[in-house]
Amino acid sequence: MKISEFISEKEIIIGMKATQKQDALDELLQVLEKNGLLKDRKQVLETLMEREKLGSTGIGQGIAVPHAKTDQINNLVCALGISEKGVDFDSLDGEPVYIIFLVLAPTGATGIHLKALAKIARLLKDKVFRNYLKMSKTPQEAYQIIKDDEERLNSTG
């Protein structure tokens, strides 16, 4: 499984406007909705905020990986937001978030949901990758960084 198969340049926002968690999630969901990947944005936002009440998906080091299962999509979808200002995401380390990788899976799809989260975690573990992603100037550049890093990881095992 490759994350680049579930995200395209159209689902990547460089220079997010939002500075608060709920606004950032909605900004990403608007992109998915605009691209026809989502049925009811408001319902998905509610689901994501309910998930956040269980514990922040701001995992530290400037990263958040909000995720949920919903019946408002047909297939696994991802969106990526890069913020220059930082987003207050109630992160575990108390720091602002600059990279937000949103993952939505269909309600019954446990396996693919967990695989996607594991792949994203593996990519984001690499500080060099995170820095390149943060420095992306265009969605095309960010997408290429993801693809290149996946190739590198696949060739090294």
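From the list S155, S91, exactly one residue is surrounded by 18 or more Cβ atoms within 10 Å (Cβ to Cβ) and either without any contact (Cβ under 8 Å) to a residue 12 or more places away in the chain or not basic (K, R) (or both). Which is it? Testing whether each residue is surrounded by 18 or more Cβ atoms within 10 Å (Cβ to Cβ) and either without any contact (Cβ under 8 Å) to a residue 12 or more places away in the chain or not basic (K, R) (or both) leaves just S91. Of everything listed in (1) more than 12 Å from the chain's Cα centre (by Cα); (2) modelled with pLDDT of 95 or more; (3) outside any strand (DSSP E or B), the single unmet condition for G86 is (3). Candidates in segment 52-75 are the residues that are charged (D, E, K, R) and surrounded by fewer than 16 Cβ atoms within 10 Å (Cβ to Cβ); of these, the one that is nearest to S91 (Cα to Cα) is K53. The set of residues in segment 112-140 being crowded, with 17+ Cβ neighbours inside 10 Å and either touching a Lys or Arg at 6+ places or on another chain (Cβ under 9 Å) or free of Cβ contacts under 8 Å to residues at least 24 places away in the same chain (or both) consists of H113, K119, L123, L124, F129, Y132, P139. Whether a residue is at pLDDT below 95, closer than 14 Å to L28 by Cα and either of a type in the set (V, I, T) or in a strand (DSSP E or B) (or both) was assessed, and A68 passes this test.
The values are calculated or read from the model by the stated rules, or taken from the named source; none is laboratory data. All values derive from a computational prediction rather than experimental measurement. Counting neighbours? That spans all protein chains shown, and the Cβs are built from the backbone with ideal geometry, glycine included.
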